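The values are calculated or read from the model by the stated rules, or taken from the named source; none is laboratory data. Since this is a predicted model, take the numbers as computed values, not measurements. Using ideal geometry, Cβ is built from the backbone for each residue, glycine included, and neighbour counts are taken over all protein chains shown.
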Amino acid sequence: MAFVKDAAQAVSQICAWLQAQLKQTAREEFVLGLSGGLDSALAAYLACEAVGRDALLAVLLPYRISSPQSLADAQQLVTALNLRHRTVEISGMVEAFEAQVTDLNAVRRGNLCARLRMMTLFDQAHARGLVLGTSNKTETLLGYGTLYGDAAWSLNPLGDLYKTDVRLLARHVGVPASIIEKTPTADLWEGQTDEGELGFSYADLDGVLVKMIDERKSRREILTDGVDSKLLDRVVGLIRGSAFKRRAAPVAWLSPPYLTAHIEDLSW
């Protein structure tokens, strides 16, 4: 179940927003980690449509156990869009860290890869660029992302798109079918897939999320619609368990509330 009803209108709105963000911040370009997956592919197409390929730097960030197909798909996008790009191999970074912390398991190593990739993107952006996020609404609501890794960005054009919407817009803008139809994976360890970790397909998860978040249906109404109770419980559990990921890190404020509540609204 997709929430977006008009792909052309959604693309137009996102592109206008990207243009405004780049102009408002007086930065020169967007920097995007291009993984070869669907989300980063759509982000690349949207950025090119919004500000032109010369204002987008694509960074390929392979790790030694990354799927060769992921890198091939990323390179296919670079060629198709004629992108400015560079490749930064992160294996040496991971190995240097691992030499100091010898008990990394697959999940911790995967999180480390995600954080090193984002650190590299922000370094590449430095003073002239903005890092584009590629986490979609499904992932954010379910907490399926690494804090200060793929869940970090300067701005995110996909943040209000469910995974089903991402596929819809990707077809609209012309992302290659081979990328749209490939099994979603963060490619953090061999055999890892998004849906395998989440326990359900994105289509099923999005169907529940739209009912919960956008249609504001109660548990009783959702179950009456025929949704499996195990699926619903899984979604509710993931949303509740990952709430901390969707909040800004808390600060122990000592200043009076009226001094801190409207910082962004101050005019000088």
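Might you let me know whether segment 92-106 holds any residue that is in contact with a helix residue (DSSP H, G or I) (Cβ under 6 Å, 6 or more places away or on another chain), among the hydrophobic types (A, V, I, L, M, F, W, C), at negative phi and crowded, with 20+ Cβ neighbours inside 10 Å?
No, segment 92-106 contains no residue that is in contact with a helix residue (DSSP H, G or I) (Cβ under 6 Å, 6 or more places away or on another chain), among the hydrophobic types (A, V, I, L, M, F, W, C), at negative phi and crowded, with 20+ Cβ neighbours inside 10 Å.
Can you list the helices (runs of 4 or more DSSP H) lying wholly within segment 129-243 that have 3 or more residues being under 19 Å from the mean Cα position of the chain (by Cα), surrounded by 15 or more Cβ atoms within 10 Å (Cβ to Cβ) and not acidic (D, E)?
On the way: elements: 137-142, 163-173, 177-180, 194-198, 202-209, 219-224, 229-241.
So the answer is 137-142, 163-173, 202-209, 229-241.
Test each condition in (1) closer than 30 Å to D54 by Cβ; (2) at pLDDT 95 or above; (3) of a type outside the set (F, W, Y) for A127 and report the one that comes out false.
Only one criterion is unmet by A127, namely (2).
Considering segment 1-36 alone, what residues qualify as being outside any helix (DSSP H, G or I), over 19 Å from Q124 (Cβ atoms) and not charged (D, E, K, R)?
Scanning segment 1-36 gives M1, A2, F3, V4.
Show the residue pairs that are 6+ apart or on different chains and have beta-carbon atoms under 8 Å apart, the first residue being within segment 31-55 and under 19 Å from R171 (Cβ atoms) and without any contact (Cβ under 8 Å) to a residue 24 or more places away in the chain, the second being assigned to a strand (DSSP E or B) and polar (S, T, N, Q).
Matching pairs, first to second residue: none at all.
Read through the list (1) within 19 Å of R86 (Cα to Cα); (2) of a type outside the set (S, T, N, Q); (3) in a loop (DSSP other than H, G, I, E, B), then give the number of the only condition that A44 fails.
Failing condition for A44: (3).
When the residues of segment 1-30 are narrowed to those that are touching a Phe, Trp or Tyr at 6+ places or on another chain (Cβ under 8 Å) and farther than 27 Å from D204 by Cβ, which ends up surrounded by the most Cβ atoms within 10 Å (Cβ to Cβ)?
L18
Here are L209, L161, L169: which of them is more than 30 Å from Q69 (Cα to Cα) and aliphatic (A, V, I, L, M)?
After ruling out the rest, the residue left standing is L209.
As an exercise: evaluate L46 against (1) over 19 Å from T138 (Cβ atoms); (2) modelled with pLDDT of 95 or more and give the number of the one condition it does not meet.
Failing condition for L46: (1).
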